[in-house]
Amino acid sequence: MEQDAKQRKYEAEMLSKKIEDLEASKQKFLGEKLDSCLSGELHEIERNVEKSLRSIRAMKASHDSSTFTASSYSYAMEGRSTCLRSFIFRII
């Protein structure tokens, strides 16, 4: 029973650390708190942001305003989320 409690406490601490890391990554991706970033990390963030923008602009350009549906918007945002996830998992 005590071993189980220790394991759960450890898991909770690890999850808390992951949440902190994800929050820090999110802030960097959004351009906040970049003062602690190294040059290489800034270039990586820039590449990921540019990739996301290209994906969104391509999707937007392929639809005119009358046919731009919620599902196509969702697809464009999914590409952005995938890029963000790959960036975050590289940091963690």
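For the reader, a short list of remarks on this structure follows.
- Three-way shape call for the range 1-64 based on the alpha-carbon gyration tensor, with the a/c threshold at 1.5: oblate
- Accessible surface calculations at 1.4 Å, restricted to protein heavy atoms, place the range 1-64 at 82 Å² per residue.
- Accessible surface of the range 1-64, 1.4 Å probe, proportion on carbon and sulfur as whole %: 56
- Full-stretch length increase - Leu30, Lys18 - with 0.36 nm per residue and alpha-carbon distance subtracted: 2.5 nm
The values are calculated or read from the model by the stated rules, or taken from the named source; none is laboratory data. For clarity, every value in this text was computed on a predicted model and none was experimentally measured. Note: accessible area is taken over every heavy atom of the protein model, side chains too, but ligands, DNA and RNA are not part of it. Shrake-Rupley method; radii C 1.70, N 1.55, O 1.52, S 1.80 Å.
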